[in-house]
Amino acid sequence: MPPTDQTPDLTLRPAQSGDLAQVADVFISARRAAAPQMPPFVRPDDQVRAWVQAWDLTQYDVWVAERDSAVVGLARMKDDWLDDLYVDPRHQHVGIGTALLEVAKALRPGGFCLWVFESNAPARGFYRRRGLLELERTDGSANEERSPDVKMAWPGVPGWTRTR
């Protein structure tokens, strides 16, 4: 996908297996930087790295944002769920998250859902400003952090219908 006006030096592309070590670094650093809005990991870094590096890129749509040959952001989707969207803390607030969210919208014009921690007000605001709606709240008993979360959805392109 082409770069945006706000991020002219950014490349957005599908991830390759060789990217997953950098993807894990971004995932871990972004989660850590979001504290205290995001609860801490319940698993050690080496387990998180192993999990990310084992992602099956034939089962997930994983896109990376790349700047100067370094992965600075990621979006991971499966079916109609945006499972992960993270930007390296040193590259936040310059449009990379928005660019990755636009990729997700282009990949899923019929809409998608995601979970965000209730305590992560900055992320919830980010998604609301970009057209996502809050649908439901949980007590967090279904996530491993045991932290209340919010289901959000992008309703999709008006008038778009799935064809087979």
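The values are calculated or read from the model by the stated rules, or taken from the named source; none is laboratory data. All values derive from a computational prediction rather than experimental measurement. Note that we place each Cβ from the backbone using ideal geometry, even for glycine, and neighbour counts take in every protein chain shown. The area values use the complete protein model at the heavy-atom level, side chains included, leaving out ligands, DNA and RNA. Shrake-Rupley method; radii C 1.70, N 1.55, O 1.52, S 1.80 Å.
Things worth noting here:
- Picking from residues in segment 30-62 that are among the β-branched types (V, I, T) and within 14 Å of the chain's Cα centre (by Cα), the one that is surrounded by the fewest Cβ atoms within 10 Å (Cβ to Cβ) is V52.
- Filtered residue count, segment 83-118, keeping only those that are hydrophobic (A, V, I, L, M, F, W, C), open to solvent by 10 Å² or more (accessible area, probe 1.4 Å), within 16 Å of L132 (Cα to Cα) and touching a residue at least 60 places away in the same chain (Cβ under 8 Å): 2
- Among residues that are among the acidic types (D, E), part of a helix (DSSP H, G or I), open to solvent by less than 60 Å² (accessible area, probe 1.4 Å) and modelled with pLDDT of 95 or more, D25 is not included.
- Verdict on A65 being touching a residue at least 40 places away in the same chain (Cβ under 8 Å), part of a helix (DSSP H, G or I), open to solvent by less than 10 Å² (accessible area, probe 1.4 Å) and closer than 19 Å to H91 by Cβ: no
- Odd one out for S141 among (1) touching a strand residue (DSSP E or B) at 6+ places or on another chain (Cβ under 6 Å); (2) loosely packed, with under 13 Cβ neighbours inside 10 Å; (3) small (G, A, S): (1)
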